[in-house]
Amino acid sequence: MNNSGILTKAIEATSPPLNWEVLEEEALSSPGDADAILALRLKEGPAHRFAVEVKTVVRIETLRAQVARSSTISRHPSWLVVVPYMSKKNAALCQEAGLNFIDTAGNAFIDVPGCYVFITGKQRSEQEPVGSGHEVMGSASALRVIFTLLTEPNMPESPLRDIATKAGVSLGSAAKAMEGLRRLGHLSPGDTKSRRLLAVDTLRTEWARNYPIALRNKLMPQRYTPKNGGWWKDAKLQPEEAAWGGEVAAALKTSYLQPELATIYCWKDRGRLLMQHRLRPDPNGTVEILDAFWTPPSSSAEPIAPLLLIYADLMTSLDGRNREVASLLRKEIFDAETAS
């Protein structure tokens, strides 16, 4: 497990009772300084900031050196040691020395104004599985993160908390997804500002392949019957409330399809949409409504889903004509997504 993985797992293991936020854009890159900056959110009062030092091996000498460093370096008000595992003996030494720490098993010692936590004795896993990164393609939250990175301009180089907010996932889930992408070779190493996606077309293909397996069914898909077959041509969706996907979106973008199934992604309450377009529940209906999972656009935008999602919807279909259109539009869709 690398330093980023240790930090991510330690944050997850100690949340709750602790409420951490990674201030990634403020992490320091000089060799002798902090590995990251964390903010500890308190119930009352301002957050407390920690300079983080990740250690893969814990030795008594290391702890003593860290205590000496904490007392002599004034650039950071508080230091936090993050380790894979802190034994009871070393935890007691940290408590005695006033050295804050967290580990991946959930042990912690935090002693700052407004917060005192001492957790020890939690056991680490005998064997920590080493992930290859492929697990991110089976995670709904990771697929949300990947979609955000692929469709939002400059998002790969944004702070982790901005990526998490944009994708609608927790900070820990976003961190896991980013680490998985690094392992798969889809995310460059380095700090936030230099971070970029790699092998992007392959990543898009993998996202589209896994979307119906790991994410689509979690979007509450439901079928409805419209008042008439061509209803969608006169339907006016508000772009900040709903967006066309699948066949209708492809038809609006191209002239290749005559839609038989209308797919709508919705941010708002579906009731208004059902009443407005006189849609009634029907498990075999030709209208499918799902929860939208990306940030809604402005009111001046087209009410159409991002091109990558349109492609994925077409590839999800068992209809040969949809797959044929998806194949024909593949280059156009991917090129347009790159330029957007």
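All of the numbers you see were taken from the coordinates with simple rules; none came from a lab. Predicted model, so just to flag it, every value in this text is computed and none were measured. So basically every Cβ, Gly included, is an ideal-geometry build from the backbone, and we count neighbours across all protein chains shown.
Observations on the structure shown:
- Too-long pairs where the Cα-Cα distance tops 27 Å, listed order kept, from Lys166/Lys233; Lys9/Lys89; Lys43/Lys218; Lys9/Lys88; Lys43/Lys122: Lys166/Lys233; Lys43/Lys218
- Ranked by how many other Cβ atoms sit within 10 Å of their own Cβ, fewest first, the residues Asp201, Asp313 fall in the order Asp201, Asp313.
- Within region 220-339, percent of DSSP bridges classed antiparallel, to nearest 5: 60
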